[in-house]
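Reviewing the structure listed below.
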Amino acid sequence: MPALSPLARHYTEGEKLAYQMKGDNDGWTYEAQASAVVKKNADGHFVEEYAWSNFKSNAPMSLSPASLNFRQMLSLDPAIQPSIPDLSQVQPFLIGPITDLLTFYSDLWLAIRQSGLARAGDHAYVKFGGPSSWADGNYVVLGEDSIDFDLTLKELNAATQVATLLVRHVPPPQPKIKLPAPWMQTPVADTANNWIDVKGKNAAGKYVAQVGKETFDVEIKISMKDGRILSATLDNLVKTRQRECSDAAFLDCGEPSAHEIHRQIELSLMQ
C-alpha cells in the first residue's frame, strides 16, 4: 500500500456525514438516507457508524423500529477489512441499500490499497473470484456470485480537488460458484456464468433457478482534501437463463427463458 494514496481518507473524530441513496431495481424505485458519525473502535481505528432513515418507495414500505435502530459500521481505513453486517434484524427491502453502500466503500477501500493507483490513467486488476453468497436457506436456497475487480483512476482534478475512480466488477476466467445441474454450465453470455440464484418452492411447488453473467460498473467521486465520498453510481446488470424445476437437483425443469435484471443506484453527499 502506498504511504499516501491520493484517495486516502483523513478522518476527524465526531465528523458527521449524510448521504442520499436513490435506487431503481427493475422498476422498483426508492430513496433512503444514510447518516453517520465518525468514531474510534476498540482498536483505535476510525469507523463510520451509519443509521438508515427517510425511506421512500413506489411500493408501500416503511422502516420498522429494528431497521431504524440498525447500525452499519464502515471504514476506509486500510487496516479494517470490509465485511457484510448481520442483516437478520433488518427488513428484506433494506438489504439492497445496505449492501450497495458497502460496495461503494469496499471498492474505494480496495483502490486505496493499490500502490499502482497514484496518477490519472493508472489501472489495476485485482483477482478475487469469490464466491460471495446471499442465500438465507429459505427464500433463496442457493445464491452466489464470483467477480474480479478492474480499477481505473480516471481523473485527479487539481482545480476542484476531486478524484474519479472507476471500478468494474467482472467475471473471472474461472468463476467459483456452485452450478449443481449440467444445464447451468452452459454460458448465457460471452463469459462463463458467474451468478446463480435459486428461490425456494413457489406456490406451484417449483424452484425458480436462474444462472448467468453479472457485471457491476461503479464510479466514485472522492474529495482529495479528506478522502470522503462525494457521489457514486452503480450500474448492475445480470443476464440470466431461468427455469422452473420440480426437484432439488434442478434436473426436472421446464423450458428456459431469458431474463435481465438491471439495477441502477445513485449516492450523493448531502450538503
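Starting from the Kirkwood Rh over alpha-carbon pairs, what translational D in µm² s⁻¹ does segment 1-138 have by Stokes-Einstein at 20 °C and 1.002 mPa s? If you can, show how the numbers build up before the last one.
Details: Rh = 16.8 Å.
This corresponds to a translational diffusion coefficient of 128 µm²/s.
Net charge near residue 119, counting Lys/Arg +1 and Asp/Glu -1 over other residues with Cβ under 14 Å of its Cβ?
For residues surrounding residue 119, the net value is -1.
If you take the square roots of the eigenvalues of the alpha-carbon gyration tensor of segment 171-220 and sort them as a ≥ b ≥ c, do you get rounded (a/c under 1.5), prolate (a/b over b/c) or oblate?
oblate
Starting from the Cα of residue 206, draw a straight line to each of the lysines and keep only those under 22 Å, dropping any in the same chain fewer than 8 residues away.
List returned: 178, 239.
Quick one: helix 92-112 against the long Cα principal axis of the chain, what's the angle to the nearest 10°, folded into 0 to 90?
Between the helix axis and the principal axis of the chain, the angle is about 50 degrees.
Can you tell which of 74, 258, 62 lies farthest toward the positive end of the dipole of the chain, using +1 and -1 charges on the Cβ of basic and acidic side chains (Lys, Arg; Asp, Glu)?
Toward the positive end, the furthest listed residue is 74.
What Rg and what Dmax come out for segment 172-271 when only alpha-carbon atoms are used, in angstroms?
Computed over the Cα atoms of segment 172-271, radius of gyration and Dmax are 18.1, 58 Å.
Quote the charge dipole size of the chain about the Cα centre in Debye, to the nearest 20; the model charges only the Cβ of Lys and Arg (+1) and of Asp and Glu (-1). Write down the numbers at each step before the final one.
Details: 25 positive and 32 negative charges, 55 e Å.
Computed charge dipole of the chain: roughly 260 debye.
Taking all pairs of different Cα atoms in segment 82-187, averaging 1/r and flipping that mean, what Kirkwood radius in angstroms comes out?
That comes to 16.1 Å for segment 82-187.
Sort 153-165, 184-196 for me by packing, meaning the mean count of neighbouring Cβ atoms within 10 Å per residue, highest on top. Walk me through the numbers on the way to the answer.
On the way: 153-165: 15.5, 184-196: 18.6.
Answer by packing, highest mean first, reads 184-196, 153-165.
Once amide H atoms are placed 1.01 Å from N in the peptide plane, what residues at a sequence separation of 5 or more from residue 135, or on another chain, have their amide H within under 5 Å of its amide H?
143
Do the sum for the chain: with -39,500 (n - 2.57) for every DSSP H run of n ≥ 4, divided by all residues, what is the mean residue ellipticity at 222 nm, to the nearest 500 deg cm²/dmol?
It comes out at -3000 deg cm²/dmol, rounded to the nearest 500.
How big is the shadow of the Cα convex hull of segment 111-173, averaged over all directions, in nm²?
Averaging across all directions leaves 5.8 nm² for the Cα convex hull.
Would you mind getting the accessible area per residue of segment 187-239, heavy atoms of the protein chains only, 1.4 Å probe, in Å²?
For segment 187-239, the per-residue accessible area is 37 Å².
Add +1 for every Lys or Arg and -1 for every Asp or Glu among the other residues with Cβ under 12 Å from the Cβ of residue 45, and state the total.
Result for the local shell: -1.
How about segment 190-271: which trypsin sites (Lys or Arg not before Pro) there lie in a loop by DSSP and see at most 14 other Cβ atoms within 10 Å?
Here the sparse-neighbourhood loop sites are 201, 225.
Quick one: order 139, 30 from most to least accessible surface, probe 1.4 Å.
139, 30
If you average the C-alpha positions of segment 209-264 and of segment 80-116 separately, how far apart do those two centres end up, in angstrom?
Comparing the Cα centres of segment 209-264 and segment 80-116, I get a distance of 16 Å.
Just round it to a whole percent: the fraction of Cα-Cα distances in segment 34-89 exceeding 16 Å. Intermediate values should be presented prior to the final figure.
Working: 801 of 1540 pairs.
Considering segment 34-89, 52 percent of its Cα-Cα pairs are separated by more than 16 Å.
Probe radius 1.4 Å, ligands and nucleic acids ignored: give me the carbon and sulfur share of the accessible area of segment 64-169 as a rounded percent.
Values: 2630 of 4920 Å².
Reported share for carbon and sulfur atoms: 53 percent.
Any idea which of 162, 193, 182 is furthest toward the positive side of the dipole for segment 92-194, if Lys and Arg beta-carbons carry +1 and Asp and Glu beta-carbons -1?
About the Cα centre, the residue reaching furthest to the positive side is 162.
Mind ranking 84, 177, 95, 220 by accessible surface for me, highest first, 1.4 Å probe?
Output order, biggest surface exposure first: 84, 95, 177, 220.
Sorted by accessible area with a 1.4 angstrom probe, largest first, how do 136, 107, 235, 77 fall?
The ordering from most to least exposed comes out as 136, 235, 77, 107.
The values are calculated or read from the model by the stated rules, or taken from the named source; none is laboratory data. Because the structure is a prediction, the values reported are computed rather than measured. Cβ: placed from backbone, ideal geometry, glycine included. Neighbour counts: every protein chain shown. Surface areas here come from the heavy atoms of the whole protein model, side chains and all, with no ligands, DNA or RNA. Shrake-Rupley method; radii C 1.70, N 1.55, O 1.52, S 1.80 Å.
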